[in-house]
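Student: Quick one: the structure is below, questions incoming.
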Amino acid sequence: MRPPIVSVVGKSDMGKTTLLEKLIPELKRRGYRVATIKHDAHNFDIDHPGKDTWRHAQAGADVVVISSPVKFAMIAKVEEERSLDELVTMLPPVDIVLTEGYKRGNKPKIEVFRAARGEKELLCRPEELLAIASDVSFDIGVPVYGLDDVAGLADLIEEKFLKKV
């Protein structure tokens, strides 16, 4: 069975990563196994020029894996971007997948919104949203949590996706 997926979305510099940095340990504290997937619309590079794995890729390897006693990473060249659902099938067993990005995806979203950054309107439509994390309130039929209320957001995620009936 595939784990539930919740996407944390918002415009640039709204605090998506900061929210995830707080939400992940809260879910871990509650005993859940958490995976994250970061969407990057650009050509990212986790290899560093001159390092062995970078050199392997430069020599023409289609897939490079680096492994240690505590973690591993695989870097594979692809012809086209993998869908979120395809990526999730590649994960080891987890209870939930949190994504950063995928604002146009079809998964439930928590939108991070900071009026203090000068924004005037949300990125998503109400029907796309599970919740809003914000420094202001909205009256659009979607639960709104403070930017630091990770316990409240974790409660909502548990209630909607993780609690066994």
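The values are calculated or read from the model by the stated rules, or taken from the named source; none is laboratory data. Just so it is clear, the structure is predicted and the values come from calculations on it, not from any experiment. Cβ sites come from the backbone with ideal geometry, for glycine too, and all protein chains shown count toward neighbours. Note: accessible area is taken over every heavy atom of the protein model, side chains too, but ligands, DNA and RNA are not part of it. Shrake-Rupley method; radii C 1.70, N 1.55, O 1.52, S 1.80 Å.
So that you can scan it fast, the table gives a plain yes or no per residue for (1) within 23 Å of K22 (Cα to Cα); (2) assigned to a loop (DSSP other than H, G, I, E, B); (3) open to solvent by less than 50 Å² (accessible area, probe 1.4 Å); (4) in contact with a helix residue (DSSP H, G or I) (Cβ under 7 Å, 6 or more places away or on another chain):
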site: V78; (1), (2), (3), (4): no, yes, no, no
site: E81; (1), (2), (3), (4): no, yes, no, no
site: E86; (1), (2), (3), (4): no, no, no, no
site: P92; (1), (2), (3), (4): yes, yes, no, no
site: T99; (1), (2), (3), (4): yes, no, yes, yes
site: R104; (1), (2), (3), (4): no, yes, no, no
site: E111; (1), (2), (3), (4): yes, no, yes, no
site: L122; (1), (2), (3), (4): yes, yes, yes, no
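Student: So which residues in region 8-17 are over 19 Å from D155 (Cβ atoms) and in contact (Cβ under 8 Å) with a residue 40 or more places away in the chain? Break it down stepwise before answering.
Tutor: Just the residues of region 8-17 that are over 19 Å from D155 (Cβ atoms), to begin with: 9-17.
Of everything in region 8-17, those that are over 19 Å from D155 (Cβ atoms) and in contact (Cβ under 8 Å) with a residue 40 or more places away in the chain turn out to be V9, G10, K11, D13, M14, G15, K16, T17.
Student: May I ask you to list the residues in region 17-39 that are modelled with pLDDT of 95 or more, under 21 Å from D85 (Cα atoms) and charged (D, E, K, R)?
Tutor: Once the filter is applied, which keeps residues that are modelled with pLDDT of 95 or more, under 21 Å from D85 (Cα atoms) and charged (D, E, K, R), region 17-39 yields only R33.
Student: Please work out if A133 is touching a residue at least 24 places away in the same chain (Cβ under 8 Å) and either open to solvent by less than 70 Å² (accessible area, probe 1.4 Å) or in contact with a Lys or Arg (Cβ under 9 Å, 6 or more places away or on another chain) (or both). It would help to see each step written out before you state the result.
Tutor: On the way: touching a residue at least 24 places away in the same chain (Cβ under 8 Å): yes; either open to solvent by less than 70 Å² (accessible area, probe 1.4 Å) or in contact with a Lys or Arg (Cβ under 9 Å, 6 or more places away or on another chain) (or both): yes.
Against the criterion (touching a residue at least 24 places away in the same chain (Cβ under 8 Å) and either open to solvent by less than 70 Å² (accessible area, probe 1.4 Å) or in contact with a Lys or Arg (Cβ under 9 Å, 6 or more places away or on another chain) (or both)), A133 qualifies.
Student: So, of the residues in region 40-76 that are small (G, A, S) and under 24 Å from I96 (Cβ atoms), which turns out to be modelled with the lowest pLDDT? Show your work before the answer.
Tutor: Of the residues in region 40-76, the ones small (G, A, S) are 41, 50, 57, 59-61, 67-68, 73, 76.
Among the residues that remain, those that are also under 24 Å from I96 (Cβ atoms) are: 41, 73.
On the way: A41: 67, A73: 84.
Checked region 40-76; the qualifying residue modelled with the lowest pLDDT is A41.
Student: Tell me the residue from G118, G60, G50, G31 that is without any contact (Cβ under 8 Å) to a residue 24 or more places away in the chain, out of contact with any His (no Cβ under 9 Å at 6 or more places or on another chain), open to solvent by 50 Å² or more (accessible area, probe 1.4 Å) and not acidic (D, E), please. Lay out the reasoning, then the answer.
Tutor: Details: G118 fails: open to solvent by 50 Å² or more (accessible area, probe 1.4 Å); G60 fails: open to solvent by 50 Å² or more (accessible area, probe 1.4 Å); G50 fails: open to solvent by 50 Å² or more (accessible area, probe 1.4 Å).
Criteria check complete, one pass: G31.
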